[in-house]
Amino acid sequence: MSELLTNLIPRPVRVVAGGDGFPLGPATALDAAPGLTEVAAVLRGALGPATGCDFPPGPGGIRLRIAPELPAEGYQLDIRPSGVNIRGGSAAGAFYAVQTLRQLLPPATLRRARLPGGPWTLPGIRIEDAPRFGWRGVMLDVARHFMPVSDVLRLLDLIAFHKLNVLHLHLTDDQGWRLDVPGRPRLTSIGAWRPATMLGSRQHERYDERPHGGFYSDDDLREIVAYAAQRHITVVPEVDMPGHMQAAIAAYPELGNGFAGPVRSSWGISPHVLNLGPEALQFCRDVLDHLCDLFPSELIGIGGDECPSVEWRDSPVAQARIRDEGLAGPHRLQSWFTARLAEHLAGRGRRVFGWDEILAGGAPPGAVIAAWRGAGPAAHAARAGHAVVSCPDTSVYLDYRQSDDPGEPTPVGTCLTLADVYAFDPVPPGLTPAEAGLVLGGQANLWTEHMESARQVDYQAFPRLCGFAETVWGPPGRDFDAFAARLPAHLTRLDALGVNYRPMTGPRPWDARPDAPGNPRTIEDRLAELREMTADLDQASA
């Protein structure tokens, strides 16, 4: 089998080498069935500029069809001298077949200008393929460092190329508010801008003293959603509440518990949270309604993580809420609040998507859990009957350092090598088959405290995201050595796509960030910390 047939990422389920291939040329026609016109447009846009092929409509050449008997995201790709047959279980399956087709051509054809040489020949091959998981996600934090729309669209192209299908967009946090909300202009005039930004980990107390910010208009977000949908990616928005709300409280102090100050400049967790009084609750409902208007996703992220309850102990508004609702104390406020948001979203035909902290006190029925504090919360969520997305920081937090090399830029967290990410399995051990069926899939998270540009996001994401894509697409049994053997050829594709990935040989001299020092952690220390953080869940399970 030729090299082109063995270096596909993610690796298909079944590959059979054929005979002679199919040459592409100016007369190669594209025959797309009804419902596949957008997939045909993607194919023309992806292959046409470099190959010089226009792919005019017509019989012969490349044939796109729907095959309902296949899994919805599955496909069959058959290349023979007589033509190319693509059958997808849905438009999504046909789209993924096109991504595979792109990898079967030389990497230079991924460029956007006419190339010398040719003709370009697709190798003779038959591929049968389908993903293991329905949720193959990437979380992008645009609150810590704002990313312009063009950078978000570029990332969508890259994750689509790797057959990933969810973008979890983290839109707000203590350090910035990134969406417009009708009737709340100060969210963007004040909440979207912080006076300075930390350089490196917070214990170093270094700042650049430059304001940072930005926000997306409604049209910006509609463009992101539409662009993603054309690539069969669902955008799941998140507005973190009731904690991680300092930016909103800076804009509207009446939502908080007496804090009157700027948007947070330092990293870490702010103690300033919503007071959960009537006005704050209505504010949250208004924000969620606006998200529902902009994002068609069934799931709407409400965050729910890292919410200190200290302010609620002395807040007259919070204490009034506790009395009025007959709650046992401040520790029960958040679960009450989460239930109210779930009820409101249900009225809009939507469901809550929250971090695993919302399991404390009982998550609302139908809530989907993003399990991030190690593998334990994913198992707890599934055993409690909740659908779960596994995204443990011990495996798939791509802001964490990639090696112990001192040249790694702002080395934080535990060391997560490419092999570590590749070894991740979204289904934690010990679940029954029914419980394992509640694991929707996995998600790699890109927190951007230490990534202020798309170039730095590239460095942290790739090639680890290539390995992650294979873990959530392919079967449980995987061979890292075989993956590593295929990866060099795939890196030449990333070169053609202009990706600033981390070289396999390690960081380059210019990748280091001596002005932004990090805080490396050991996995042993982190696991001990996670055991303490999730003790409440362990007690509930017992």
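The values are calculated or read from the model by the stated rules, or taken from the named source; none is laboratory data. Remember, predicted model here, so these are calculated numbers, not experimental data. When we count neighbours, we look across all protein chains shown, and the Cβ atoms used for this are built from the backbone with ideal geometry, even at glycine. Keep in mind that these areas ignore ligands, DNA and RNA; they rest on the heavy atoms of the full protein, side chains included. Shrake-Rupley method; radii C 1.70, N 1.55, O 1.52, S 1.80 Å.
Hey, can you tell me all the residues within the stretch 249-290 that are open to solvent by less than 40 Å² (accessible area, probe 1.4 Å), small (Gly, Ala, Ser) and under 17 Å from ARG321 (Cα atoms)?
Listed by number, the residues that qualify are GLY256, GLY277, ALA280.
At positive phi and open to solvent by 30 Å² or more (accessible area, probe 1.4 Å): is that true of GLY366 in this structure? Spell out the reasoning first.
On the way: at positive phi: yes; open to solvent by 30 Å² or more (accessible area, probe 1.4 Å): yes.
For GLY366, the condition - at positive phi and open to solvent by 30 Å² or more (accessible area, probe 1.4 Å) - is met.
If you take the residues in the stretch 47-62 that are within 16 Å of PHE22 (Cα to Cα) and buried (at least 18 other Cβ atoms within 10 Å of the Cβ), which one is nearest to the chain's Cα centre (by Cα)?
Within the stretch 47-62, the match that is nearest to the chain's Cα centre (by Cα) is LEU47.
Within the stretch 377-405, how many residues are assigned to a helix (DSSP H, G or I), open to solvent by 20 Å² or more (accessible area, probe 1.4 Å) and farther than 30 Å from GLY200 by Cβ?
Selection size over the stretch 377-405: 2.
Residues in the stretch 483-542 that are within 15 Å of PRO406 (Cα to Cα) and of a type in the set (A, V, I, L, M, F, W, C): how many?
Within the stretch 483-542, residues that are within 15 Å of PRO406 (Cα to Cα) and of a type in the set (A, V, I, L, M, F, W, C) number 3.
Pairs only if they're at least six apart or on different chains, beta carbon under 8 angstrom, first in the stretch 430-441 and farther than 17 Å from ALA367 by Cβ, second outside any loop (DSSP other than H, G, I, E, B) and open to solvent by 50 Å² or more (accessible area, probe 1.4 Å); list them, first residue then second.
What qualifies is LEU431/ARG383.
Out of the residues in the stretch 406-455 that are open to solvent by 10 Å² or more (accessible area, probe 1.4 Å) and acidic (Asp, Glu), which is nearest to ILE369 (Cα to Cα)?
Out of the qualifying residues, it is GLU435.
Would the stretch 200-209 turn up any residue that is under 22 Å from GLY442 (Cβ atoms) and in contact with a Pro (Cβ under 7 Å, 6 or more places away or on another chain)? Talk me through it step by step, then tell me what you get.
Within the stretch 200-209, the first condition is being under 22 Å from GLY442 (Cβ atoms), and the residues that meet it are none.
No - not one qualifying residue is present in the stretch 200-209.
Does THR534 fit the bill of being among the hydroxyl-bearing types (Ser, Thr, Tyr), buried (at least 19 other Cβ atoms within 10 Å of the Cβ) and under 19 Å from PRO428 (Cβ atoms)?
Numbers: among the hydroxyl-bearing types (Ser, Thr, Tyr): yes; buried (at least 19 other Cβ atoms within 10 Å of the Cβ): yes; under 19 Å from PRO428 (Cβ atoms): yes.
In short, yes.
Does the stretch 38-46 contain any residue that is of a type outside the set (S, T, N, Q), over 27 Å from the mean Cα position of the chain (by Cα) and under 27 Å from TYR227 (Cβ atoms)? Working first, answer last.
Residues of the stretch 38-46 that are of a type outside the set (S, T, N, Q), as a first pass: 38-46.
Next, only the ones that are over 27 Å from the mean Cα position of the chain (by Cα) stay: none.
No, every residue in the stretch 38-46 fails to be of a type outside the set (S, T, N, Q), over 27 Å from the mean Cα position of the chain (by Cα) and under 27 Å from TYR227 (Cβ atoms).
Given the condition open to solvent by 20 Å² or more (accessible area, probe 1.4 Å), touching a residue at least 12 places away in the same chain (Cβ under 8 Å), assigned to a helix (DSSP H, G or I) and not aromatic (Phe, Trp, Tyr), answer yes or no: does some residue in the stretch 463-477 qualify?
no
Which pairs turn up if I take residues in the stretch 481-498 that are open to solvent by less than 20 Å² (accessible area, probe 1.4 Å) and look for partners that are among the aromatic types (Phe, Trp, Tyr) with beta carbon separation below 9 Å, at least 6 apart in sequence or on another chain?
Here the result reads PHE483/TYR422; LEU491/PHE462; LEU491/TYR501; ARG493/PHE161; LEU494/PHE462; LEU494/TYR501, each pair linking the stretch 481-498 to a residue that is among the aromatic types (Phe, Trp, Tyr).
If you scan the stretch 306-340, which residues turn out to be open to solvent by less than 10 Å² (accessible area, probe 1.4 Å) and closer than 19 Å to GLN246 by Cβ?
Start the filter on the stretch 306-340 by keeping residues that are open to solvent by less than 10 Å² (accessible area, probe 1.4 Å), which leaves 312, 315, 318, 329, 333, 337-338.
Result: TRP312, SER315, ALA318, LEU333, PHE337.
In the stretch 20-38, what residues are among the aliphatic types (A, V, I, L, M) and under 12 Å from GLY61 (Cα atoms)? Show your work before the answer.
If we filter the stretch 20-38 for residues that are among the aliphatic types (A, V, I, L, M), which is where we start, we get 24, 27, 29-30, 32-33, 36.
Within the stretch 20-38, LEU24, ALA27, ALA29, LEU30, ALA32 meet the criteria.
If we scan the stretch 214-235, do we find a residue that is in contact with a Gly (Cβ under 7 Å, 6 or more places away or on another chain) and either farther than 30 Å from GLY83 by Cα or open to solvent by 10 Å² or more (accessible area, probe 1.4 Å) (or both)? So that I can check it myself, show each step before the final result.
The initial filter retains those residues of the stretch 214-235 that are in contact with a Gly (Cβ under 7 Å, 6 or more places away or on another chain), namely none.
No, every residue in the stretch 214-235 fails to be in contact with a Gly (Cβ under 7 Å, 6 or more places away or on another chain) and either farther than 30 Å from GLY83 by Cα or open to solvent by 10 Å² or more (accessible area, probe 1.4 Å) (or both).
Answer with yes or no whether LEU36 is out of contact with any Asp or Glu (no Cβ under 7 Å at 6 or more places or on another chain), surrounded by 16 or more Cβ atoms within 10 Å (Cβ to Cβ) and modelled with pLDDT of 95 or more.
On the way: out of contact with any Asp or Glu (no Cβ under 7 Å at 6 or more places or on another chain): yes; surrounded by 16 or more Cβ atoms within 10 Å (Cβ to Cβ): yes; modelled with pLDDT of 95 or more: yes.
Answer is yes for this residue.
Is it the case that some residue within the stretch 68-77 is of a type outside the set (S, T, N, Q), open to solvent by 10 Å² or more (accessible area, probe 1.4 Å), in contact with a Pro (Cβ under 8 Å, 6 or more places away or on another chain) and farther than 29 Å from PHE483 by Cβ?
Checked the stretch 68-77: no residue is of a type outside the set (S, T, N, Q), open to solvent by 10 Å² or more (accessible area, probe 1.4 Å), in contact with a Pro (Cβ under 8 Å, 6 or more places away or on another chain) and farther than 29 Å from PHE483 by Cβ.
For ARG186, indicate whether it is more than 14 Å from the chain's Cα centre (by Cα), in contact (Cβ under 8 Å) with a residue 40 or more places away in the chain and more than 30 Å from GLY407 (Cβ to Cβ).
Answer is yes for this residue.
Does TRP312 qualify as being at pLDDT 95 or above, more than 27 Å from PRO211 (Cα to Cα) and aromatic (Phe, Trp, Tyr)?
Numbers: at pLDDT 95 or above: yes; more than 27 Å from PRO211 (Cα to Cα): yes; aromatic (Phe, Trp, Tyr): yes.
The answer is yes for TRP312.
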